[in-house]
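Chemist: Below you will find the structure I want to go over with you.
The values are calculated or read from the model by the stated rules, or taken from the named source; none is laboratory data. On a predicted model such as this, the values are computed, not experimentally measured, just so you know. Every residue, glycine among them, receives a Cβ derived from its backbone with ideal geometry; neighbour counts consider all protein chains shown. These accessible areas exclude ligands, DNA and RNA; they are computed on the full protein's heavy atoms, side chains included. Shrake-Rupley method; radii C 1.70, N 1.55, O 1.52, S 1.80 Å.
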Amino acid sequence: FETCPGRVLCKVPCSGEKEVDLAVQSAKAAFKIWSQMSGMERCQVMLEAARIIREQREEIATMETINNGKSIFEARVDIDISWQCLEYYAGLAGSLAGEHIQLPGGSFGYTRREPLGVCVGIGAWNYPFQIACWKSGPALACGNAMVFKPSPFTPISVVRLAEIFTEAGVPKGLFNVVQGGAATGQFLCQHPDVAKISFTGSVPTGMKIMEMAAKGIKPVTLELGGKSPLIIFSDADLENAVKGALMANFLTQGEVCCNGTRVFVERKILDTFTKEVVKRTQKIKIGDPLLEDTRMGALINRPHLNRVQGFIKQAKEQGAEVLCGGDLYVPDDPKLKNGYYMRPCVLGNCKDDMTCVKEEIFGPVMAILPFDTEEEVVERANATKFGLAGGVFTRDIQKAHRVVAALKAGMCFINNYNVSPVELPFGGYKSSGFGRENGRAAIEYYSQLKTVCVEMGDVESVF
């Protein structure tokens, strides 16, 4: 394995209508076997898959770094979250149950929690392996089968996950991978034997998926974009707040949907905070993502790099000040000269109506905005079509809980940012989507309730 910036890594054939149908039929056949197994039997298989991932952590992380361009340091964290996710849902698989309700005269009712059938997962390119585990973990625990389509920009590591599931002992075809772009996704969404669609990606694509799903009355989970607020109060621990701002903006080269890219800073500490953030940002080590000390790798591809650069150019034209970074970066290593690298960027003098503050950039670009009062910052933080995440840094715990309660966002952080333990539900409000990944909440979105009413006496008839 070596990183090959600007060069073709592999060629993957796109799955057409015929291949999609074969994958769905294969999953449908596997579903018949898997759904009849007990929760504890499914638990054992999923634990084995988690064990294999944990054992092959280094190899899979290296594959993910080459697949996506993120640092090996981060890729290892992704792989750890992945096996933890499968372990977590393996633990829940044996506990899935309905309830018993006593009715008059000795009659009773009960509910059964049943799987949906063949679920479709459509992944994004920023966390290819992790997203596939986030979707397949609850789906498989509930007894479903899954057909997964990774992004065409990161097709590799999900294939390894399919192999791992097979090695762990799932029925053949239970987790199928199809490759391709929008057309392949369309065939999946419109397939009559697909029971549910879970999508991670952009708002426009999410809208199209919802539209297609509506025609088949298929339930949908959408985890879409964000332009999340990060609020730094003057009483915050400054060192912690600066670290939080870097975590909220520069992980995976800024290509993270829940990033806190609108950094609202109380005016009293604006200069001190900004100076420290700029100083730390300039020290971020960029370069070969396979090197241990690299903290920022390459962006996903040339068109995306150009798009991010376009946002910075527009920000300058609209009056924002580039306090550091934003330019292309050429590493010393000649092998990396065609890589899609840029220096992380901090923008000052930002206003709420600027494009760089309103639109999701999906790159390493932080916008700093001053504020004066709690009431004002909450109103400005919520003035967006998005609602994926939000963060608050303060030593005043009452204020922290008051502010997060007022934020219209699905994932909120207090004195930290971009922490995603699998035990906690993850998902957004407003245009950022609906449904939840992770936690017990995800079980609701990968299963359905059946009610059974049992009469123990004679039927009471009105006829």
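Chemist: Just one of I217, I131 is free of Cβ contacts under 8 Å to residues at least 12 places away in the same chain and open to solvent by 10 Å² or more (accessible area, probe 1.4 Å); which is it?
Modeler: Working: I131 fails: free of Cβ contacts under 8 Å to residues at least 12 places away in the same chain.
Going through I217, I131 in turn, the sole match is I217.
Chemist: Exactly one condition in (1) in a helix (DSSP H, G or I); (2) open to solvent by 10 Å² or more (accessible area, probe 1.4 Å); (3) of a type outside the set (A, V, I, L, M, F, W, C); (4) in contact with a helix residue (DSSP H, G or I) (Cβ under 6 Å, 6 or more places away or on another chain) is false for P171; which is it?
Modeler: (1)
Chemist: Could I ask something else about it? Just give me the residues in region 216-240 being in contact with a helix residue (DSSP H, G or I) (Cβ under 7 Å, 6 or more places away or on another chain) and either β-branched (V, I, T) or part of a helix (DSSP H, G or I) (or both), in sequence order.
Modeler: V220, T221, I231, I232, L238
Chemist: Filter region 265-284 for residues that are without any contact (Cβ under 8 Å) to a residue 40 or more places away in the chain and either open to solvent by less than 80 Å² (accessible area, probe 1.4 Å) or in contact with a helix residue (DSSP H, G or I) (Cβ under 8 Å, 6 or more places away or on another chain) (or both) and give the result.
Modeler: Our first condition is that a residue be without any contact (Cβ under 8 Å) to a residue 40 or more places away in the chain; within region 265-284, this holds for 268-269, 271-272, 275-276, 279-280, 283.
The answer is I269, T272, E276, R280.
Chemist: Output the residues belonging to region 358-377 that are in contact with a Leu (Cβ under 7 Å, 6 or more places away or on another chain) and either open to solvent by 40 Å² or more (accessible area, probe 1.4 Å) or of a type in the set (A, V, I, L, M, F, W, C) (or both). Step through it out loud before you land on a result.
Modeler: Residues of region 358-377 that are in contact with a Leu (Cβ under 7 Å, 6 or more places away or on another chain), as a first pass: 363, 365-368, 370.
Scanning region 358-377 gives V365, M366, A367, I368.
Chemist: Could you name every one of the helices (runs of 4 or more DSSP H) located completely within region 334-406 that has at least 3 residues being touching a strand residue (DSSP E or B) at 6+ places or on another chain (Cβ under 8 Å) and not assigned by the TED database to the domain that holds K70? Walk me through it before giving the result.
Modeler: Details: elements: 355-358, 374-382, 397-406.
Qualifying helices (runs of 4 or more DSSP H): 374-382, 397-406.
Chemist: How many residues does region 94-104 hold that are touching a residue at least 12 places away in the same chain (Cβ under 8 Å) and not polar (S, T, N, Q)? Steps first, please.
Modeler: Restricting attention to region 94-104, the residues satisfying the condition of being touching a residue at least 12 places away in the same chain (Cβ under 8 Å) are 94-99, 103.
Next, from what is left, pick out any that are not polar (S, T, N, Q): 94, 96-99, 103.
So the count comes out to 6.
Chemist: Same structure, new question: If you check D293 against the conditions, is it over 16 Å from G254 (Cα atoms), open to solvent by 90 Å² or more (accessible area, probe 1.4 Å) and assigned to a loop (DSSP other than H, G, I, E, B)? Give the steps one after another, and end with the answer.
Modeler: Numbers: over 16 Å from G254 (Cα atoms): yes; open to solvent by 90 Å² or more (accessible area, probe 1.4 Å): no; assigned to a loop (DSSP other than H, G, I, E, B): yes.
Considered against the rule, which asks whether it is over 16 Å from G254 (Cα atoms), open to solvent by 90 Å² or more (accessible area, probe 1.4 Å) and assigned to a loop (DSSP other than H, G, I, E, B), D293 comes out as no.
Chemist: Pick out the one residue from A236, A245 that is in contact with a Gly (Cβ under 9 Å, 6 or more places away or on another chain) and under 27 Å from N68 (Cα atoms). I'd like the intermediate steps shown before the answer.
Modeler: Values: A236 fails: under 27 Å from N68 (Cα atoms).
So the residue among A236, A245 that is in contact with a Gly (Cβ under 9 Å, 6 or more places away or on another chain) and under 27 Å from N68 (Cα atoms) is A245.
Chemist: A further question follows. Can you find a residue in region 105-120 that is open to solvent by 20 Å² or more (accessible area, probe 1.4 Å) and without any contact (Cβ under 8 Å) to a residue 40 or more places away in the chain?
Modeler: Filtering region 105-120 for residues open to solvent by 20 Å² or more (accessible area, probe 1.4 Å) gives 105-106, 108, 110-116.
Next cut, without any contact (Cβ under 8 Å) to a residue 40 or more places away in the chain only: none.
No, region 105-120 contains no residue that is open to solvent by 20 Å² or more (accessible area, probe 1.4 Å) and without any contact (Cβ under 8 Å) to a residue 40 or more places away in the chain.
Chemist: Restricted to region 413-430, and to residues that are under 15 Å from the mean Cα position of the chain (by Cα) and open to solvent by less than 50 Å² (accessible area, probe 1.4 Å), which residue is farthest from V263 (Cα to Cα)?
Modeler: At the first step, the residues of region 413-430 found to be under 15 Å from the mean Cα position of the chain (by Cα) are 417-429.
Then keep just the ones that are open to solvent by less than 50 Å² (accessible area, probe 1.4 Å); that gives 417-418, 420-422, 426-428.
Numbers: Y417: 12, N418: 14, S420: 20, P421: 23, V422: 26, F426: 21, G427: 21, G428: 19 Å.
Ranking the candidates gives V422 first.
Chemist: Determine, yes or no, whether R42 is within 24 Å of V194 (Cα to Cα) and either in contact (Cβ under 8 Å) with a residue 12 or more places away in the chain or open to solvent by less than 40 Å² (accessible area, probe 1.4 Å) (or both). Before you say what the answer is, go through the steps one by one.
Modeler: Details: within 24 Å of V194 (Cα to Cα): yes; either in contact (Cβ under 8 Å) with a residue 12 or more places away in the chain or open to solvent by less than 40 Å² (accessible area, probe 1.4 Å) (or both): yes.
Here the answer is yes, as R42 does meet what is asked.
Chemist: Sticking with this structure for a sec: Please go through region 190-208 and give me each residue that is buried (at least 22 other Cβ atoms within 10 Å of the Cβ) and either part of a strand (DSSP E or B) or hydrophobic (A, V, I, L, M, F, W, C) (or both), ordered by number.
Modeler: V194, K196, I197, S198, F199, T200
Chemist: From L9, L47, L22, which residue is in the same structural domain as L188 (by the TED database) and either open to solvent by 80 Å² or more (accessible area, probe 1.4 Å) or within 24 Å of T184 (Cβ to Cβ) (or both)?
Modeler: On the way: L9 fails: in the same structural domain as L188 (by the TED database); L47 fails: either open to solvent by 80 Å² or more (accessible area, probe 1.4 Å) or within 24 Å of T184 (Cβ to Cβ) (or both).
Just a single option satisfies the conditions, and that option is L22.
Chemist: Can you work out which of the residues in region 414-441 that are polar (S, T, N, Q) and in a loop (DSSP other than H, G, I, E, B) is nearest to C142 (Cα to Cα)? Reasoning before the result, please.
Modeler: The initial filter retains those residues of region 414-441 that are polar (S, T, N, Q), namely 415-416, 418, 420, 431-432, 438.
Of the ones still in play, those that are also in a loop (DSSP other than H, G, I, E, B) are 415-416, 418, 420, 438.
Working: N415: 34, N416: 32, N418: 27, S420: 22, N438: 13 Å.
Checking each candidate, the answer is N438.
Chemist: Here are some residues: I60, I66. Which one is within 22 Å of F153 (Cβ to Cβ), open to solvent by less than 10 Å² (accessible area, probe 1.4 Å) and touching a residue at least 12 places away in the same chain (Cβ under 8 Å)?
Modeler: On the way: I66 fails: open to solvent by less than 10 Å² (accessible area, probe 1.4 Å).
Among I60, I66, only I60 is within 22 Å of F153 (Cβ to Cβ), open to solvent by less than 10 Å² (accessible area, probe 1.4 Å) and touching a residue at least 12 places away in the same chain (Cβ under 8 Å).
Chemist: With respect to K313, determine if the residue is under 28 Å from E58 (Cβ atoms) and open to solvent by 50 Å² or more (accessible area, probe 1.4 Å). Working first, answer last.
Modeler: Details: under 28 Å from E58 (Cβ atoms): no; open to solvent by 50 Å² or more (accessible area, probe 1.4 Å): yes.
No; evaluated as a whole, the condition is false for this residue.
Chemist: If you don't mind, there's one more thing I want to ask. Touching a residue at least 12 places away in the same chain (Cβ under 8 Å) and touching a Leu at 6+ places or on another chain (Cβ under 7 Å) - does that describe any residue in region 326-338?
Modeler: No: zero hits.
Chemist: Could you check, for region 87-102, whether at least one of its residues is among the aromatic types (F, W, Y), more than 19 Å from F199 (Cβ to Cβ) and open to solvent by 10 Å² or more (accessible area, probe 1.4 Å)? Working first, answer last.
Modeler: First, pick out the residues of region 87-102 that are among the aromatic types (F, W, Y): 88-89.
Keeping just the survivors that are more than 19 Å from F199 (Cβ to Cβ) gives 88-89.
Checking which are open to solvent by 10 Å² or more (accessible area, probe 1.4 Å) leaves us with 88.
Yes; the residues of region 87-102 include at least one that is among the aromatic types (F, W, Y), more than 19 Å from F199 (Cβ to Cβ) and open to solvent by 10 Å² or more (accessible area, probe 1.4 Å).
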